[in-house]
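K.L.:
Please see the structure below; I have some questions.
FYI, it's all coordinate maths here, none of it is from the lab. Please read all numbers here as calculations on a predicted model, not as lab measurements. Here the Cβ is made from the backbone with ideal geometry for all residues, glycine too, and neighbour counts use every protein chain on show.
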């Protein structure tokens, strides 16, 4: 009996038997397992649904007609095999469109069509029909008008001439809309108490005489507005005077700068033709040069330059008499 168990073929039979039992066990506990070949076949035949927004194209003679009333995008619902739906969504080699090429001006209700989809896919569109208004097209150039809140700038600052870049734009739309245009407006809101030149990019709007915004295309759609804000200014001459200094010396003051720009209230500027510069000669005993800060009268806020170099020459009073 012991020799029976020692035979090699006995162990081979036992190993085979155990392998069969293990295979049966694994197969029983993994009933959901699908071989690779079957898995690929399952993916191809499985169904999938996908909803997406797609651009709506308009087939019309854009040189002659202008169309309103249609949305930019429509909803498309796709269903079919997982592989085909996924590929279609990723590539989007199809288009949704409305065909207006044979229609005359006026209002029309037209179906939304789609082409480029595989005939193996099912689909639905929302909306299925669209009402559009076809009108004769017109283009015209208009100057840009700038409107802003002047009361935001405090006194005595003044506002210069506002400028728009570009100053003229092209408007395109339905002839009936373009004919109603009264102005192309760039509206700017200046921050309260703004005292520096204000610049802003502004969206342009087309309005009729009643202030109603019109449905047209403006090219370009925006403009760069510059609104100069500054203090009133004036150039005045300098009048050099001096005080202090030794009585035994003779002083002479001069400057290479003969005039300056001053900024302030307009009514004060009108009265000023020159600005006095008083040079303090205290402690000056020999020829020298010093910078003197300009003292500004009430109502004048700035001077350019704010200080000037003054040359001071000194001589003895006795030598002056000789």
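K.L.:
What is the helix-to-structure angle for 82-91, meaning the angle in degrees between its Cα long axis and the longest Cα principal axis of the chain, kept from 0 to 90 and rounded to the nearest 10?
P.N.:
20
K.L.:
Calculate, axis by axis, the spread of Cα positions in region 194-317 along the three principal axes, and write the results as whole Å, longest axis first.
P.N.:
Dimensions of region 194-317 along the principal axes of its Cα atoms: 86, 26, 19 Å.
K.L.:
Another question, then. Angle, helix 8-29 long axis vs. longest principal axis of the chain, Cα atoms, 0 to 90°, nearest 10?
P.N.:
60
K.L.:
Using square roots of five times the C-alpha gyration tensor eigenvalues, list the equivalent-ellipsoid semi-axes of region 48-98 in whole Å, biggest first.
P.N.:
29, 11, 6
K.L.:
On to the next question. I need the Kirkwood Rh of region 100-232: take the reciprocal of the average 1/r across all distinct C-alpha pairs and report it in angstrom.
P.N.:
Every distinct Cα pair counted, the radius reaches 18.3 Å.
K.L.:
Add -39500 (n - 2.57) for each DSSP H run of 4 or more in the chain, then divide by its residues: what number comes out at 222 nm, to the nearest 500 deg cm²/dmol?
P.N.:
Result for the chain, helices only: -5500 deg cm²/dmol.
K.L.:
If neighbour count is taken as other Cβ atoms inside 10 Å, put 187, 137 in order from fewest to most.
P.N.:
The most exposed by this proxy come first: 187, 137.
K.L.:
For residue 285 and residue 48, calculate 0.36 nm times their separation in residues minus their Cα-Cα distance, and state this gained length in nm to one decimal.
P.N.:
Full extension of this stretch gives 75.2 nm more.
K.L.:
What is region 66-195's relative contact order, in percent, from Cα pairs under 8 angstrom and six or more apart in sequence?
P.N.:
Across region 66-195, relative contact order equals 27 percent.
K.L.:
In whole Å, how far is the Cα centre of region 181-212 from that of region 42-89?
P.N.:
So the separation of the two Cα centres works out to 39 Å.
K.L.:
For the chain, what relative contact order do you get, as a whole percent, if you take Cα pairs closer than 8 Å and at least 6 residues apart?
P.N.:
Relative CO of the chain lands at 11 percent.
K.L.:
Which of the following values of semi-axes √(5λ) of the Cα gyration tensor in Å was calculated from the structure shown: (i) 52, 21, 16; (ii) 30, 26, 16; (iii) 88, 44, 13?
P.N.:
Recomputing semi-axes √(5λ) of the Cα gyration tensor in Å here gives the entry labelled (iii).
K.L.:
Using only Cα atoms and rounding to the nearest 10 degrees, what angle (0 to 90) does helix 36-45 make with the longest principal axis of the chain?
P.N.:
Taking the Cα atoms of the chain, the angle to 36-45 is about 70 degrees.
K.L.:
Further question: Hey, fewest Cβ within 10 Å first, where do 167, 230 land in order?
P.N.:
In order of increasing Cβ crowding within 10 Å: 167, 230.
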